[in-house]
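Single-structure report; data block below.
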Amino acid sequence: MAAWSPDGARIVYRGTKQGITSVMIAKTSGQATPVELVRGGSANQQPDWSPTGEWITYSSAPGSWALISPDGKEKRDLGKIDTPHLTFSRDGKTLYGIRAEGEHQHLFSLTIAGGQMKTIGDVGSEFAPRSYLNPGVRFSVSPDGGSILYPTFSTKTGLWMLEGFEKP
């Protein structure tokens with residue numbers, strides 16, 4: 001899965017070449033070789049592009065997140081955050097995620113400028129972000145900034161007995 005740049009001219013994605021997973025940027029015109037922003041260490045989560053265009057989130061190591069500028073010149077470590085994805089607020093000043101803490105799944109916000117993390121609420125273990133694809137979790141903020149969309153799934157099994165039908 002890829003994320004669009006705000007102007008639609010480029011995409012950012014996880015790419016694997018010769019067994020090494022990296023954060024890549026490509027022009028959407030398809031007329032240029034993709035650029036490797038971060039070589040290796042991008043773990044198994046999807047990058048996301050801020051709506052202001054100044055930052056890209058990426059998983060720097062399992063359970064750790066960072067920001068990188070699209071030109072690759074600036075990097076900021078966000079530290080250990082047990083979330084499958086981070087997404088930006090509409091103004092690009094805040095990140096949102098759902099972090100696992102034991103049996104709890106906490107929706108949180110993280111300010112980019114100061115790094116303050118605020119727990120918004122527990123979404124419940126049955127609503128934990130999940131996907132049968134790997135990686136397949138991406139959060140998306142609604143246009144009005146009031147909702148977050150993400151995948152979850154569950155499997156159930158059962159045994160049923162049908163009664164009351166006519167025997168031959």
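The values are calculated or read from the model by the stated rules, or taken from the named source; none is laboratory data. Remember, predicted model here, so these are calculated numbers, not experimental data. All Cβ positions, glycine included, derive from the backbone under ideal geometry; neighbour counts span all protein chains shown. For accessibility, only protein heavy atoms count, side chains too; no ligands or nucleic acids. Shrake-Rupley method; radii C 1.70, N 1.55, O 1.52, S 1.80 Å.
Worth pointing out:
- Result for the chain in a Gaussian network model with C-alpha springs under 10 Å: among 127, 139, 153, the largest mean-square fluctuation is at 153.
- Nearby aspartates and glutamates by direct alpha-carbon distance to residue 80 (threshold 15 angstrom, same-chain neighbours under 8 apart not counted): 101
- Within the chain, longest stretch free of exposed trypsin sites (Lys or Arg not before Pro) [DSSP loop, at most 15 other beta carbons within 10 Å]: 1-38
- Stretching the chain fully between residue 126 and residue 163 yields a gain of 10.1 nm (0.36 nm per residue, less the alpha carbon separation).
- Accessible area per residue in Å² at 1.4 Å probe, computed on the chain: 62 Å²
- Taking a straight Cα-Cα cut-off under 20 Å and skipping sequence neighbours fewer than 8 places away in the same chain, the lysines within cross-link reach of residue 73 are 27, 93.
- Ratio Rg/Rh [Cα only; Rh per Kirkwood] for segment 15-159: 0.99
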